[in-house]
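K.L.:
Mind looking over this structure? Questions follow.
The values are calculated or read from the model by the stated rules, or taken from the named source; none is laboratory data. Keep in mind the model is a prediction, meaning the values are calculated, not measured. Positions of Cβ are generated from backbone atoms using ideal geometry, with glycine treated the same way; all protein chains shown enter the neighbour counts. We work out accessible area using only protein heavy atoms, side chains counted, and drop any ligands, DNA or RNA first. Shrake-Rupley method; radii C 1.70, N 1.55, O 1.52, S 1.80 Å.
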Amino acid sequence: MAAAHRNPNTSSRPYSYGSPAQVQDGGVKAPSVKAPLAAASSTRLELPLAASEALRIIENAGGEAWCVGGFVRDALLGRPVHDVDIATSLPWQRVRDAFEGAGWGTAETGVAHGTITVVRKGEPLEITTYRTDGSYSDGRHPDSVAFASSIEEDLKRRDFTINALAYHPKRGIIDPFDGLSDMRRGILRCVGDPLTRFSEDALRILRACRFASQLGVAIDEATFEAMVASKSLLRKVSGERIYRELERFVCGDHVHDALMTCVDVLAFVLPELVAMKDCAQVTKYHIYDVLEHTAWVVQRTPPEPLQRWSALFHDMGKPAAAFFEGEVEHFYGHAAVSVELAGGIMHRLPFPAWLRRDVPVLVRAHDDVVPANTRAVRRMLGRLGGRTDLFEALCDIKRADALAQAPFCAPRANTAEELRALMRQILEEEAAFSVKHLAVNGRDVMALGVEAGPEVGRILDAALDAVIDERVPNEREALLTFVSSELYD
Ligand code: ATP
Ligand code: MG
């Protein structure tokens, strides 16, 4: 058995005060050691009611059925389970008839591949006829799908051994590729020859990175070598499929380890990562290169797309901005470069519009100094368009950033928490931090003779500054006087 592949890129720079990963601060935890697994064929898994019912309906119709895929894997690992996929010997038309007969809804979601979705009380289940995939001439889709006669045949087409397990509440687990043993050892391994499997469908390369990040599994050596050797096949995979895997990758619980391990594979879709790996950060504030610093920042933010993507991009501009002054490296203006690079990535890949809008705002602001006082917090809130959710996310990033620098910087994580507390206090006190909160509006400004256009916004911004600085109370008369004085300046 080949050795498993882990973190060839982990920085070996020495440090003496403990890794930020070891800081126990009640926040996002560093990757844990994989849970030992005691699965056996006698294992009983808790099946959702709808799934047990579905097995019974298929069996009453004369078919065989098994639970497969992510449900079996996640239930064995003790992870939260979401959808249950079912594989059956029945053709999809007989599945449809059996479920309609039982009063369920059905939708022909992928009948060309033998998949039908059945719905009970709004809860969908995917049921797929046993199948084998024909050849893959385009590296994306099987040229043909043939229906198979047994569950064992069906399991052969699945990507990784831990995803090629089938479970039935009476018959237990079928494990033709030693998936249970790989699970116990925390190994991700292809079913069959890895080069062949990646040449059939290159998305599996990114699925491997994603499972490493979600599950904390180490990638089997032969599988990893094939991922590196096959990565250019990712050019054949659609942006949508790539994006979906990358988002799950960045939101994984073990993203630090997975990013350090998979960076050279991910580089095919995110080439910007390569320069980060080579950027040492020769300054007293850092103990990691930009890549490993970033990996820790991502790891230590809440597992939400906004925070995780912003964290991945926050220092991406450092390699371009870096210059030496004597022995010390500087990165002035790097946040603006990071914004440019993030914008490029978010347009190259189909990021949702809300992330294209919000991520650059956080990347731009991540390094701005916000002292822990009400005035500074109100100002930053104003710069964020009054978006308290963005301010919270900025605190998440600032906190994670502080914990991923030299140990003497770690107390800055407390400043981020103070900023969060101040924001909550400002909300409680209903103090103004957005032009929307002012006792005057654009119409009032125009009534004083300003033409509709950017000047109205500039004057309202100046009024908000005056209110935040407590030069003017947030009262209508006082603000109208202030606006008039601005006009005659
Ligand atoms: P999750 O649902 O948590 O994302 P999953 O493993 O269930 O993970 P799905 O995309 O729902 O992933 O696929 C269900 C199962 O189908 C997988 O467990 C695997 O057995 C198989 N599978 C999915 N995609 C592929 C693929 N590209 N190549 C081979 N098998 C696949
Ligand atoms: Mg699934």
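K.L.:
Please verify whether the range 292-312 includes one or more residues that are of a type outside the set (Lys, Arg), at pLDDT 95 or above, open to solvent by less than 30 Å² (accessible area, probe 1.4 Å) and not in a helix (DSSP H, G or I).
P.N.:
yes
K.L.:
For the condition of a type outside the set (Asp, Glu) and more than 13 Å from ligand 2 (Cβ to nearest atom), what is the one hit in Ala164, Ala75, Ala87?
P.N.:
Ala164
K.L.:
Looking at the range 386-423 only, could you name the residues that are in a loop (DSSP other than H, G, I, E, B) and open to solvent by 40 Å² or more (accessible area, probe 1.4 Å)?
P.N.:
Arg387, Pro411
K.L.:
Which numbered condition in (1) within 16 Å of ligand 1 (Cβ to nearest atom); (2) over 17 Å from the mean Cα position of the chain (by Cα) is the only one that Leu246 fails?
P.N.:
(2)
K.L.:
Please determine whether any residue of the range 214-221 is within 16 Å of ligand 2 (Cβ to nearest atom) and free of Cβ contacts under 8 Å to residues at least 60 places away in the same chain.
P.N.:
Within the range 214-221, one or more residues are within 16 Å of ligand 2 (Cβ to nearest atom) and free of Cβ contacts under 8 Å to residues at least 60 places away in the same chain.
K.L.:
Check whether at least one residue in the range 466-485 is over 23 Å from Ala376 (Cα atoms), open to solvent by less than 40 Å² (accessible area, probe 1.4 Å), free of Cβ contacts under 8 Å to residues at least 40 places away in the same chain and among the β-branched types (Val, Ile, Thr), and report yes or no.
P.N.:
no
K.L.:
A follow-up question, please. Given the condition within 25 Å of Val81 (Cα to Cα) and open to solvent by 20 Å² or more (accessible area, probe 1.4 Å), answer yes or no: does some residue in the range 221-238 qualify?
P.N.:
Within the range 221-238 (the criterion being within 25 Å of Val81 (Cα to Cα) and open to solvent by 20 Å² or more (accessible area, probe 1.4 Å)), the answer is no, since none of the residues qualifies.
K.L.:
Separate question: With Met316, Met346 as the choices, which residue is in a loop (DSSP other than H, G, I, E, B), touching a helix residue (DSSP H, G or I) at 6+ places or on another chain (Cβ under 7 Å) and farther than 16 Å from Leu390 by Cα?
P.N.:
That would be Met316, the only listed residue that is in a loop (DSSP other than H, G, I, E, B), touching a helix residue (DSSP H, G or I) at 6+ places or on another chain (Cβ under 7 Å) and farther than 16 Å from Leu390 by Cα.
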